[in-house]
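The values are calculated or read from the model by the stated rules, or taken from the named source; none is laboratory data. Note that the structure is a prediction, hence the values are computed from the model and not measured. Heads up, the Cβs are rebuilt from the backbone with ideal geometry, glycines too, and the neighbour counts pull from every protein chain shown. Ligands, DNA and RNA are excluded from the accessible area calculation, which covers all protein heavy atoms including side chains. Shrake-Rupley method; radii C 1.70, N 1.55, O 1.52, S 1.80 Å.
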Amino acid sequence: MNTPTNNPYITKNQDRFVEELLELLKIPSVSTDKKFKGDILKAAEYLRQKLEAVGVDHAEICQTAGHPIVYAEKIIDPKLPTVLVYGHYDVQPADPYELWETPPFDPQIRGGKIYARGACDDKGQVYMHVKALETMLAEGTLTCNIKMMIEGEEEIGSDHLGDFVRDNKEKLSADVVLISDTDIIDNENPSITVGLRGLSYMEVEVTGPNRDLHSGMYGGAVANPINVLCKMIASLKDDQGRITIPGFYDKVVELTDAQRKEVNRPPYDEEKYKKSLNIKEVAGESGYTTAERIGIRPTLDVNGIWGGYTGEGAKTVLPSKAHAKISMRLVPDQYHKEIDELFIKHIQAIAPDTVTVKVTSHHGGQPAVVPTDSEAIRAASQAFEEAWGKQPFLTREGGSIPIVSLFQKELGLDSVLMGFGLHEDAIHSPNESYGIFNFLKGIETIILFYKYFAKTKQ
Ligand code: BES
Ligand code: ZN
């Protein structure tokens, strides 16, 4: 393919870079499912070996109470700035498998894109950093010390990373954190992410009668837990799209008009947006634009709902149980554990006496915003300008990376969220992809970030 970068070393080695990424993508390192535990270890070891091979001082696998962390460092001069790179090698489940055009863990290249689970989120983006380091070491152009921490539990809330960070403050000390696990607007409009939402993830189980019943013999006389659950869920948002859980908005920071203007600055084409999703209308909280609904407002969504008969044909049954997985995306200054509590209390309060309801919380994470006027963000902007020929927009995104707020709290460090994914990469969906252009251009941009960031310390 034509090379998208101006860096001769990347151009010369691009096919190998892609090949190595394909090998990593073949490993089904799904963190949420125990049956992939062996593959989690395999992916970690693959990365450790590749880091060692590019010439880091040392690369190790650090055990945690959960999945291990890959850690590597290259310290060239303690007087130079140190960048802590964070990423994750774990991936979301690939289900539903039948919707993939080619198998999720048998990566294929079509039309300049790599198709595989994790291609963009986050193996492809992590691997850019490994190859950026290789390039700088091979060229002798490394201008910063680099520490890399690649974890295996991001997709399940980074539960054990907090302890690791707290126990290893000295080892992880740095001037800034660099993360590629976000999107750009599109390849014509590069952007840097300066805000992420938090997450609270709940599971609700509604139990009615002690066994599945004949829906004719009992229907109309005994509460149907699926009907009850649907009614409860429907009541969680009002007609304005506002969440009805008491106290939910208490800590939400309202932005000033000037701040809202900033959030709406990046280009947004609603017709194109709707067309890309095949929807007739967008939906959300009244009084807010799509950029605001995603970037600065909290929301609540059912991620999965099940119960009763879902097989082929029809079975007349009044089920004993109904279940739902419900997530809430949070914004500053909501605290996820507090939101968990409010949710549990509210669900219990609205549950009718005809059923019993159990609510449990899964993982969560804190929202984060980073200052937009730091030297690090300036260095990242300069890197984009040089590599992409355009000044990047600053965006607030709706996804979550729990570690960002943890780094602020525990290490006092802000993160530069320099991701290169596209919305069309369909992360967490079937047929996830990552453009080879973005992969290679990303490597080039990362290298330029180091160049400009080093200058901030001179
Ligand atoms: N890469 C995403 C987060 C992301 C995606 C941020 C797009 C901004 C734009 C990350 O891997 C992810 O999916 N995180 C989870 C975290 C959760 C499980 C705590 C998420 O957002 O669902
Ligand atoms: Zn993800």
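Close amide H partners of His88, meaning residues 5 or more places away or on another chain with modelled amide H under 5 Å apart, are Glu151. Full extension of the chain between Lys315 and Ala426 yields a length gain of 36.5 nm, computed as 0.36 nm times the residue separation minus the alpha carbon distance.
Legend: distances between Cα atoms for Lys123/Lys169; Lys34/Lys441; Lys272/Lys390; Lys37/Lys147; Lys237/Lys280; pairs beyond 31 Å are Lys34/Lys441. Ordering 67-79, 86-98 by mean Cβ neighbour count within 10 Å, with the highest value first, yields 86-98, 67-79. Sorted largest first by accessible area at a 1.4 angstrom probe radius, with every protein chain in place, the residues His428, His423, His336 fall in the order His423, His428, His336. Report D for segment 169-327 in µm² per second (integer): Stokes-Einstein, Kirkwood Rh on Cα pairs, 37 °C, 0.692 mPa s. Rounded, D is 165 µm²/s. The coefficient of translational diffusion for segment 1-132, derived via Stokes-Einstein from the alpha carbon Kirkwood radius under 37 °C and 0.692 mPa s, stands at 205 µm²/s. Which residues in segment 387-402 have a backbone N closer than 17 Å to a point placed 7 Å from the Cα of Asp373 along the Cα-to-Cβ line? Zone members listed by number: 394. With the largest listed first and rounded to whole Å, the semi-axes of the equivalent ellipsoid of segment 91-189 from the Cα gyration tensor are 29, 21, 12.
The spread of Cα positions in segment 236-391, taken along each principal axis and listed from longest to shortest, comes to 63, 37, 28 Å. The long axis of helix 8-25 is offset from the longest Cα principal axis of the chain by roughly 30 degrees. When a 1.4 Å probe is rolled over the protein heavy atoms, the share of accessible surface on the chain that falls to carbon and sulfur comes to 50 percent. Length, then width, then depth: along the principal axes, the Cα atoms of the chain run 78, 48, 46 Å.
Placing one equal scatterer on every Cα of segment 264-321 and applying the Debye formula, the log10 ratio I(q)/I(0) at q = 0.28 Å⁻¹ is -1.27. Helical content alone sets the calculated 222 nm signal of the chain at -10000 deg cm²/dmol, taking -39,500 (n - 2.57) per DSSP H segment of four or more residues and averaging over every residue.
Rounded to the nearest 10 degrees, the inclination of helix 123-139 to the longest alpha-carbon principal axis of the chain is 10 degrees. In this Cβ point-charge picture (+1 for Lys and Arg, -1 for Asp and Glu), the chain has a dipole of about 280 debye about its Cα centre.
Assuming 1.306 mPa s and 10 °C, estimate D for segment 327-458 with Stokes-Einstein, Rh taken as the Kirkwood radius over Cα pairs, in µm²/s. The estimated diffusion coefficient comes to 88 µm²/s. Rg and Dmax of segment 171-239, based on Cα coordinates, read 23.8, 69 Å.
For Ser433, Ser215, what's the largest-to-smallest order of accessible area, 1.4 Å probe?
Ser215, Ser433
In order along segment 264-274, the phi-based Karplus estimate (6.51 cos²θ - 1.76 cosθ + 1.60, θ = phi - 60°) of 3J(HN,Hα) comes to 8, 5, x, x, 8, 10, 4, 5, 5, 4, 5 Hz; Gly and Pro are listed as x. Projecting the Cα atoms of Pro246, Ser276, Tyr218 onto the charge dipole of segment 217-292, computed from C-beta unit charges around the Cα centre, puts Tyr218 farthest toward the positive end. Here the Karplus curve 6.51 cos²θ - 1.76 cosθ + 1.60, taken at θ = phi - 60°, turns the phi angles of segment 435-452 into couplings of x, 5, 4, 5, 4, 6, 5, x, 4, 4, 5, 4, 4, 5, 4, 4, 4, 6 Hz, with x standing for Gly and Pro.
Annotation: peptides 239-245, 121-127, ranked by per-residue average of other Cβ atoms within 10 Å with the highest first, follow the order 121-127, 239-245.
Normalising by the residue count of the chain, find the relative contact order in percent from Cα pairs under 8 Å and 6+ residues apart.
Details: 925 pairs, mean separation 116.7, N = 458.
25 percent.
At a probe radius of 1.4 angstrom, the accessible area of segment 213-267 per residue rounds to 63 square angstrom. Shape summary: segment 398-458 maps onto an equivalent ellipsoid whose semi-axes, from the alpha-carbon gyration tensor, are 26, 20, 6 Å in decreasing order.
Using the alpha-carbon positions of segment 108-259, Rg (one decimal) and Dmax (whole number) come out as 24.3, 79 Å. Phi angles of segment 49-60 translate, via the Karplus equation with coefficients 6.51, -1.76, 1.60 and θ = phi - 60°, into HN-Hα couplings of 5, 5, 5, 4, 5, 7, x, 6, 5, 7, 9, 9 Hz per residue; Gly and Pro are given as x. Radius of gyration (Cα atoms) of segment 199-263, expressed as a multiple of 2.2 N^0.38 Å: 1.79.
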